[in-house]
Amino acid sequence: MKNKIPQSLEIIPIRDIPDIDPGDDIAEIIAQKILAQGEKLLPNDIVVITQKIISKSENRYVNVKTLKPSLRAKRMARVSRKSPELIELILRESRKVLRFNERAIIVEHKRGFICANAGIDHSNVGRDAHGNEEWYLLLPEDPDGSAERFRNALESKFTSPLGIMIIDSHGRAWRYGTVGTSIGISGMPALVDLRGEPDLYGYELKITRVGAADELAGAASLVMGQSNEKIPVVIARGFPYALRDATLDEILRPEEKDMFR
């Protein structure tokens, strides 16, 4: 069997993470808070981190007033409620625009996943520290690379094999509401292939592949919250699949196999 179902999945919130500034050593901060809370990282634990604190540490702030909107951004602004400057930033962070209206711009992000407004954030950015409300926060430049660095740092501190996942809140086509979604991983599978495994009655599974990283991201997001909970990091214990090296690419459906693009 490729999977071993645990007795339970435990999501442990790591509290008292301070507001993050550019250049902060997040791995060291997380390690200190884990120990201060009386916890430790066990073999096969997965540390789930919100992209926001990583983006802050990597100084992914942009002041949209410094941007010169392109003609395309100006044209889109006639339909959208967004400013031409913000639209220009969204375009720069995207491979292509799939849909847009007055509320949202759905794009293929530079990293390959589909999301609204290129994942650019204006909530909980800490605008007061930056002088005005024109500051926005981009996603990490390389989420898989960021996850790999945190994994190396935390494994060296706790001497345990770990998985790391960076998540963001994404909407979904045909459904209301945002859910936690993986945007970067290290040391854990994004996709688990169960094809060839028997089901409960011995039938050989033909097409079943599990989006394990996104399933875990959703569970972690329930504990982290979406507003002012101040829990940007959790430990997931009891992940039912073997850890292995992977990147987010394995869960992204290529355009030529997408029935809706």
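The values are calculated or read from the model by the stated rules, or taken from the named source; none is laboratory data. What you are looking at is a predicted structure, and each value in this text was computed from that prediction instead of being measured. Methodologically, a virtual Cβ is constructed for each residue, glycine included, from the backbone with ideal geometry; neighbour enumeration extends over all protein chains shown.
Select from region 218-259 the residues that are of a type in the set (D, E) and not in a helix (DSSP H, G or I) and write down the one among them that is modelled with the lowest pLDDT.
The extreme case among them is E229.
Keeping to region 21-53, report how many residues are in a loop (DSSP other than H, G, I, E, B), touching a Ser or Thr at 6+ places or on another chain (Cβ under 9 Å) and either of a type outside the set (A, V, I, L, M) or buried (at least 19 other Cβ atoms within 10 Å of the Cβ) (or both).
Looking only at that region, the number is 10.
Residue-by-condition table, conditions (1) over 29 Å from I105 (Cβ atoms); (2) charged (D, E, K, R); (3) outside the structural domain of F113 (by TED's automatic domain parsing); (4) not in a strand (DSSP E or B):
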position	(1), (2), (3), (4)
S146	no, no, yes, yes
R151	yes, yes, yes, yes
I164	yes, no, yes, no
I183	no, no, yes, no
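Can you tell me which residues in region 54-83 are part of a helix (DSSP H, G or I) and of a type outside the set (S, T, N, Q)?
Within region 54-83, I54, K56, V64, K65, L71, R72, A73, K74, R75, M76, A77 meet the criteria.
Condition test on I30, is it within 16 Å of F150 (Cβ to Cβ) and of a type in the set (A, V, I, L, M, F, W, C)?
yes
Can you tell me which residues in region 65-89 are more than 23 Å from the chain's Cα centre (by Cα) and among the aliphatic types (A, V, I, L, M)?
Correct list: L67, L71, A73, M76, A77, V79.
Going through region 233-253 one residue at a time, which ones are under 15 Å from R209 (Cα atoms) and of a type in the set (S, T, Y)?
Y241
Starting from residues that are of a type outside the set (A, V, I, L, M) and touching a residue at least 40 places away in the same chain (Cβ under 8 Å), keep the ones in region 54-84 and report whichever is surrounded by the most Cβ atoms within 10 Å (Cβ to Cβ).
Here the residue is S55.
Inside region 166-181, can you point out the residues that are part of a loop (DSSP other than H, G, I, E, B) and among the small types (G, A, S)?
A173
Within region 151-180, can you find the residues that are surrounded by fewer than 22 Cβ atoms within 10 Å (Cβ to Cβ) and closer than 16 Å to F239 by Cα?
S160, P161
Within region 85-105, can you find the residues that are assigned to a strand (DSSP E or B), buried (at least 18 other Cβ atoms within 10 Å of the Cβ) and not aromatic (F, W, Y)?
S94, I105
For the structure I just gave you, tell me whether D214 is within 17 Å of P143 (Cβ to Cβ), assigned by TED's automatic domain parsing to the domain that holds Q32 and charged (D, E, K, R).
yes
Taking region 28-74 as the search range and keeping residues that are of a type in the set (K, R) and under 30 Å from A104 (Cα atoms), which one is modelled with the lowest pLDDT?
Per the criteria, the residue is K65.
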